[in-house]
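What follows is a set of notes on a single structure, which appears directly below.
The values are calculated or read from the model by the stated rules, or taken from the named source; none is laboratory data. These numbers were taken from a predicted model, which means no experiment stands behind them. Note that we place each Cβ from the backbone using ideal geometry, even for glycine, and neighbour counts take in every protein chain shown.
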Amino acid sequence: MTREGILFVISAPSGAGKTSLCKEIIDFFPELRHSVSYTTRPPRLGETDGEDYHFISRETFSAMVAEGAFAEWAEVHGNCYGTAISTLESCRAAGRDVLLDIDCQGAAELKKSRRQGVFIFILPPSFDELRRRLRGRNTDAPEIIERRIANARGEIREAVWYDYLVINEELPIALEQLKAIIIAERCRNPRLLSTITEIFGTGESDK
Ligand code: 5GP
(Lines give C-alpha, C1' and ligand atoms only; values in the text may rest on other atoms or scores of the structure.)
Protein backbone atom coordinates (compact mmCIF):
# COMPACT_ATOMS: atom_id res chain seq x y z
CA MET A 1 0.00 0.00 0.00
CA THR A 2 1.50 3.31 -1.03
CA ARG A 3 -1.13 5.73 0.24
CA GLU A 4 -0.27 8.57 2.62
CA GLY A 5 -1.09 8.18 6.31
CA ILE A 6 -4.46 9.58 7.40
CA LEU A 7 -4.76 12.06 10.25
CA PHE A 8 -7.74 11.24 12.50
CA VAL A 9 -8.45 14.17 14.82
CA ILE A 10 -10.74 13.50 17.80
CA SER A 11 -12.11 16.15 20.15
CA ALA A 12 -14.73 16.05 22.89
CA PRO A 13 -15.72 17.89 26.06
CA SER A 14 -14.30 16.28 29.19
CA GLY A 15 -16.62 13.53 30.43
CA ALA A 16 -17.76 12.52 26.94
CA GLY A 17 -15.65 9.34 27.06
CA LYS A 18 -12.93 10.34 24.59
CA THR A 19 -10.02 8.82 26.55
CA SER A 20 -11.70 5.39 26.85
CA LEU A 21 -12.76 5.42 23.20
CA CYS A 22 -9.28 6.41 21.95
CA LYS A 23 -7.71 3.66 24.03
CA GLU A 24 -10.14 1.05 22.66
CA ILE A 25 -9.55 2.27 19.10
CA ILE A 26 -5.77 1.98 19.43
CA ASP A 27 -6.20 -1.55 20.85
CA PHE A 28 -8.47 -2.48 17.94
CA PHE A 29 -6.27 -0.97 15.21
CA PRO A 30 -2.73 -1.74 16.44
CA GLU A 31 -1.26 -0.19 13.26
CA LEU A 32 -2.90 3.17 14.11
CA ARG A 33 -0.40 5.36 15.90
CA HIS A 34 -1.39 7.59 18.81
CA SER A 35 0.29 10.98 18.39
CA VAL A 36 2.15 11.77 21.61
CA SER A 37 1.69 15.48 22.35
CA TYR A 38 4.01 17.84 24.19
CA THR A 39 2.64 19.39 27.35
CA THR A 40 3.64 21.65 30.22
CA ARG A 41 1.19 19.83 32.52
CA PRO A 42 2.93 17.75 35.19
CA PRO A 43 2.50 13.97 34.80
CA ARG A 44 -0.39 12.35 36.65
CA LEU A 45 0.08 9.19 38.65
CA GLY A 46 0.69 6.29 36.25
CA GLU A 47 1.57 8.47 33.26
CA THR A 48 4.87 7.80 31.43
CA ASP A 49 7.00 10.41 29.69
CA GLY A 50 7.18 9.70 25.95
CA GLU A 51 4.13 7.42 26.07
CA ASP A 52 1.25 9.49 27.41
CA TYR A 53 2.87 12.87 26.67
CA HIS A 54 6.29 14.42 26.28
CA PHE A 55 6.34 16.37 29.55
CA ILE A 56 8.34 19.57 29.09
CA SER A 57 8.86 22.91 30.84
CA ARG A 58 7.13 26.15 29.81
CA GLU A 59 10.52 27.45 28.59
CA THR A 60 11.05 24.45 26.31
CA PHE A 61 7.46 24.71 25.08
CA SER A 62 7.89 28.43 24.26
CA ALA A 63 11.16 27.69 22.44
CA MET A 64 9.39 25.01 20.35
CA VAL A 65 6.58 27.47 19.51
CA ALA A 66 9.20 30.05 18.44
CA GLU A 67 10.97 27.46 16.24
CA GLY A 68 7.66 26.63 14.54
CA ALA A 69 7.89 23.02 15.75
CA PHE A 70 4.14 22.61 16.31
CA ALA A 71 1.44 21.87 13.72
CA GLU A 72 -0.99 23.21 16.34
CA TRP A 73 -0.88 24.12 19.99
CA ALA A 74 -3.31 25.48 22.58
CA GLU A 75 -3.64 26.39 26.22
CA VAL A 76 -6.15 24.10 27.93
CA HIS A 77 -7.12 24.51 31.62
CA GLY A 78 -3.95 26.58 32.24
CA ASN A 79 -1.46 24.19 30.59
CA CYS A 80 -0.01 24.20 27.08
CA TYR A 81 -0.39 21.26 24.71
CA GLY A 82 1.02 20.87 21.20
CA THR A 83 1.39 18.41 18.33
CA ALA A 84 4.85 18.34 16.76
CA ILE A 85 5.04 18.69 12.98
CA SER A 86 7.77 16.03 12.99
CA THR A 87 5.36 13.43 14.49
CA LEU A 88 2.76 14.08 11.79
CA GLU A 89 5.27 14.22 8.94
CA SER A 90 6.97 10.94 9.83
CA CYS A 91 3.59 9.15 9.97
CA ARG A 92 2.36 10.71 6.73
CA ALA A 93 5.54 9.77 4.87
CA ALA A 94 5.49 6.21 6.25
CA GLY A 95 1.85 5.79 5.20
CA ARG A 96 0.94 5.32 8.84
CA ASP A 97 -2.47 6.51 10.08
CA VAL A 98 -2.30 8.64 13.20
CA LEU A 99 -4.83 9.47 15.92
CA LEU A 100 -4.77 12.90 17.52
CA ASP A 101 -6.67 13.42 20.76
CA ILE A 102 -6.71 17.21 20.92
CA ASP A 103 -8.98 20.03 22.04
CA CYS A 104 -11.27 22.08 19.74
CA GLN A 105 -8.87 25.04 19.48
CA GLY A 106 -6.06 22.82 18.23
CA ALA A 107 -8.41 20.95 15.89
CA ALA A 108 -9.63 24.28 14.46
CA GLU A 109 -6.02 25.37 13.91
CA LEU A 110 -5.31 22.15 11.99
CA LYS A 111 -8.50 22.53 9.97
CA LYS A 112 -7.45 26.07 8.98
CA SER A 113 -3.98 24.91 7.95
CA ARG A 114 -3.67 23.05 4.66
CA ARG A 115 -3.12 19.75 6.45
CA GLN A 116 -5.71 17.13 5.43
CA GLY A 117 -7.48 15.40 8.29
CA VAL A 118 -10.63 13.57 9.31
CA PHE A 119 -12.27 15.51 12.13
CA ILE A 120 -14.41 13.59 14.62
CA PHE A 121 -16.31 15.07 17.56
CA ILE A 122 -17.58 12.94 20.44
CA LEU A 123 -20.63 14.19 22.32
CA PRO A 124 -22.27 13.11 25.55
CA PRO A 125 -25.98 12.23 25.14
CA SER A 126 -27.07 15.22 27.30
CA PHE A 127 -25.78 17.78 29.81
CA ASP A 128 -27.49 15.83 32.62
CA GLU A 129 -25.61 12.69 31.65
CA LEU A 130 -22.35 14.65 31.36
CA ARG A 131 -22.86 16.01 34.90
CA ARG A 132 -23.65 12.51 36.16
CA ARG A 133 -20.45 11.11 34.59
CA LEU A 134 -18.27 13.93 35.90
CA ARG A 135 -19.69 13.44 39.41
CA GLY A 136 -19.20 9.66 39.11
CA ARG A 137 -15.48 10.11 38.52
CA ASN A 138 -15.16 11.48 42.07
CA THR A 139 -12.11 13.49 41.01
CA ASP A 140 -13.45 17.06 40.86
CA ALA A 141 -15.09 19.46 43.30
CA PRO A 142 -18.68 20.56 42.42
CA GLU A 143 -17.53 24.02 41.23
CA ILE A 144 -14.94 22.40 38.92
CA ILE A 145 -17.67 20.12 37.54
CA GLU A 146 -19.87 23.15 36.82
CA ARG A 147 -16.91 24.87 35.11
CA ARG A 148 -16.34 21.79 32.95
CA ILE A 149 -20.02 21.79 32.00
CA ALA A 150 -19.89 25.50 31.13
CA ASN A 151 -16.78 24.80 28.99
CA ALA A 152 -18.59 21.87 27.36
CA ARG A 153 -21.35 24.24 26.16
CA GLY A 154 -18.73 26.28 24.27
CA GLU A 155 -16.96 23.20 22.93
CA ILE A 156 -20.19 21.58 21.69
CA ARG A 157 -20.87 24.73 19.62
CA GLU A 158 -17.71 23.82 17.69
CA ALA A 159 -19.16 20.43 16.72
CA VAL A 160 -20.83 21.99 13.64
CA TRP A 161 -17.68 22.02 11.51
CA TYR A 162 -16.40 18.50 12.31
CA ASP A 163 -16.72 15.81 9.61
CA TYR A 164 -18.27 13.22 11.92
CA LEU A 165 -20.24 13.31 15.16
CA VAL A 166 -20.40 10.36 17.54
CA ILE A 167 -22.87 10.49 20.43
CA ASN A 168 -21.46 8.39 23.22
CA GLU A 169 -24.59 7.17 24.94
CA GLU A 170 -23.34 3.58 25.17
CA LEU A 171 -19.62 3.00 24.81
CA PRO A 172 -19.79 -0.20 22.67
CA ILE A 173 -22.07 1.51 20.12
CA ALA A 174 -19.93 4.66 19.99
CA LEU A 175 -16.88 2.43 19.53
CA GLU A 176 -18.50 0.63 16.57
CA GLN A 177 -19.30 4.00 15.00
CA LEU A 178 -15.70 5.17 15.40
CA LYS A 179 -14.37 1.95 13.88
CA ALA A 180 -16.80 2.36 10.95
CA ILE A 181 -15.56 5.92 10.33
CA ILE A 182 -11.92 4.80 10.27
CA ILE A 183 -12.60 1.82 8.00
CA ALA A 184 -14.74 3.86 5.59
CA GLU A 185 -12.18 6.67 5.41
CA ARG A 186 -9.47 4.15 4.51
CA CYS A 187 -11.64 3.00 1.55
CA ARG A 188 -12.23 6.46 0.08
CA ASN A 189 -11.53 6.54 -3.63
CA PRO A 190 -8.89 9.33 -3.69
CA ARG A 191 -6.83 7.57 -1.02
CA LEU A 192 -6.69 4.28 -2.89
CA LEU A 193 -6.53 5.50 -6.47
CA SER A 194 -2.73 5.42 -6.77
CA THR A 195 -2.58 1.92 -5.20
CA ILE A 196 -5.26 0.68 -7.61
CA THR A 197 -3.42 2.21 -10.54
CA GLU A 198 -0.19 0.47 -9.44
CA ILE A 199 -1.95 -2.90 -9.27
CA PHE A 200 -4.30 -2.70 -12.20
CA GLY A 201 -2.59 -0.25 -14.52
CA THR A 202 -3.59 3.16 -15.79
CA GLY A 203 -7.27 2.40 -16.27
CA GLU A 204 -6.96 2.16 -20.07
CA SER A 205 -9.40 -0.24 -21.65
CA ASP A 206 -8.12 -3.78 -22.43
CA LYS A 207 -10.23 -3.94 -25.58
P1 5GP B 1 -5.35 16.09 29.77
O2 5GP B 1 -4.50 17.06 30.51
O3 5GP B 1 -6.60 15.73 30.53
O4 5GP B 1 -4.57 14.89 29.31
O5 5GP B 1 -5.84 16.82 28.44
C6 5GP B 1 -6.57 18.01 28.50
C7 5GP B 1 -7.04 18.39 27.12
O8 5GP B 1 -5.92 18.70 26.26
C9 5GP B 1 -7.81 17.28 26.39
O10 5GP B 1 -8.98 17.86 25.81
C11 5GP B 1 -6.88 16.83 25.30
O12 5GP B 1 -7.57 16.38 24.16
C13 5GP B 1 -6.13 18.12 25.00
N14 5GP B 1 -4.86 17.89 24.32
C15 5GP B 1 -3.98 16.87 24.52
N16 5GP B 1 -2.94 16.98 23.68
C17 5GP B 1 -3.17 18.09 22.92
C18 5GP B 1 -2.45 18.73 21.85
O19 5GP B 1 -1.38 18.32 21.41
N20 5GP B 1 -3.01 19.85 21.34
C21 5GP B 1 -4.20 20.36 21.78
N22 5GP B 1 -4.66 21.45 21.19
N23 5GP B 1 -4.89 19.79 22.78
C24 5GP B 1 -4.39 18.67 23.34
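Here are some notes:
- Helices (runs of 4 or more DSSP H) enclosed by the stretch 49-132 - at least 1 residues per element that are at pLDDT 95 or above and either within 24 Å of R148 (Cβ to Cβ) or more than 14 Å from the ligand (Cβ to nearest atom) (or both): 58-67, 104-112
- Which listed residue is loosely packed, with under 12 Cβ neighbours inside 10 Å and touching a residue at least 12 places away in the same chain (Cβ under 8 Å), from E198, E169, E143, E155: E198
- Qualifying residue in the stretch 20-30 (condition: farther than 18 Å from I122 by Cα, modelled with pLDDT of 95 or more and surrounded by 13 or more Cβ atoms within 10 Å (Cβ to Cβ)): yes
- Under the condition of being in contact with a Lys or Arg (Cβ under 7 Å, 6 or more places away or on another chain), assigned to a loop (DSSP other than H, G, I, E, B) and within 12 Å of the ligand (Cβ to nearest atom), the residues counted in the stretch 3-22 number 3.
- Test: residue in the stretch 185-195 that is assigned to a loop (DSSP other than H, G, I, E, B), under 23 Å from the mean Cα position of the chain (by Cα), of a type in the set (D, E, K, R) and surrounded by 11 or more Cβ atoms within 10 Å (Cβ to Cβ): yes
- Qualifying residue in the stretch 34-48 (condition: within 18 Å of A180 (Cβ to Cβ) and more than 9 Å from the ligand (Cβ to nearest atom)): no
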